[in-house]
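What follows is calculated from the coordinates using simple rules that are stated; it is not laboratory data. All of these numbers come straight from a predicted model, not from anything done at the bench. For neighbour counting, all protein chains shown are included, and Cβ atoms are generated from backbone atoms with ideal geometry for every residue, glycine included.
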Amino acid sequence: MSFKCLRFVLLIWFPGALHAQSTSPCEAPDLDDGYFVPVQVSYLHGTKLYYACDRGHKPAVEGWWGTSTCENGEWSHKLECIEEEYCLLQNIPHAKFSKTPKRWYKDGRRIRVECEEGYIHKDHDATAECKNGTWLSVPVCERDDAACGEPPKLPHAVIIHRSMQGLFAANSEVLYECEDEYGVEGTVKQQSLFCIMGEWSEGQPCRRESRPTSRHDRHPTTGGGAGTTGGGPSRPGGSGTLGGGVSTGSGHNERETGRTTTAITRCGERPRVPNGDIVETTETYLRYQCITYYKLWGPEIVMCHSGTWSTLPSCTEAFCVVDSDSNPFLKPFLGVKHLKEGQKTKLECLKLSHQWFQHFTVVKCSHGQLSFTDCCVAASHHFNTC
């Protein structure tokens, strides 16, 4: 019989041998001012100890006695007896600590408790004090009325770059991305929504992106006049249309207008659009998109017609600038912020009354102009100065 076969047979006869290889015993623990049972030199994996403390002391766990289990050479928690005047750390829902908290604190010790994102201290009480073994005024973390729940669902879009959470603090941002063949305002694929005073800002729907019609799909008709399309917005006062004059539904075709679409290599250097980028290139056309804070006017598709480029689009400003220097009621040193067209945000403002509370105003950019709400304390269960 080979060694491998012999080992297999032994494992069948003695199944505990394999388990013993993956576990280790625990040494007897050190426990001052207390006692435990059973008392042994060492303990097998899985053994549970029961311990209690001498008069004037208590276990560093809830209750007048405690337990600890041997787990592969280590006790599940250190057996420890502390003075009765000391306080055990309490479980505070939705609380967090800037550094790892201790299991217990001495008499007279004060600690500060922080709240998770989207929660605030009830009655603005953030500290707890240990007094004769009992905590005085334990902080409570309650939901902030300015926080938001789950962000809304947008058809044909998913949320990216966000943590898995059920509550979002005020001013939180979530980023949406449209699925393939869908976009916001043309070919823009992403947009952000913000949590403002308990409500999510309004999102734009993801619409199916328009594509140029193939020459083989066009049906020639009779008629005259300049070729246009019904698909793209034209800049006020301009003559640019989607496709640069190639008909897709007006009744005028290439042969009638005398404009033949050729390969873009026939037109030489690709035209530059200030504040815009080429986001798609094919053999027959270029697709343009404006950079952030700019809006596209005119056709997003540019073609080559017998050595000449069709009408180019333009990118116009679509944002507002807000800064504390121009708006003295805002908190100083706020800096300069840019808001997209239709975007809202919450900024800290100043109010002579109730100076000890933070005040906020909601700013919105609409048609290049800023609008502000009243300067108010963020809505809560206790304060609202609006």
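Look at where the Cα atoms of the range 107-172 and of the range 41-103 average out, and the two centres are 27 Å apart. Taken about its Cα centre, the range 105-212 carries a charge dipole of roughly 320 debye when the Cβ of each Lys and Arg holds +1 and the Cβ of each Asp and Glu holds -1. Sites listed here are GluC sites (Glu not before Pro) in the range 139-198 whose DSSP assignment is loop and whose Cβ has at most 16 other Cβ atoms within 10 Å: GLU179, GLU181, GLU185. Taking a Cβ cut-off of under 12 Å around GLU129, the surrounding Lys, Arg, Asp and Glu residues balance to a net charge of +3, with basic ones at +1 and acidic ones at -1.
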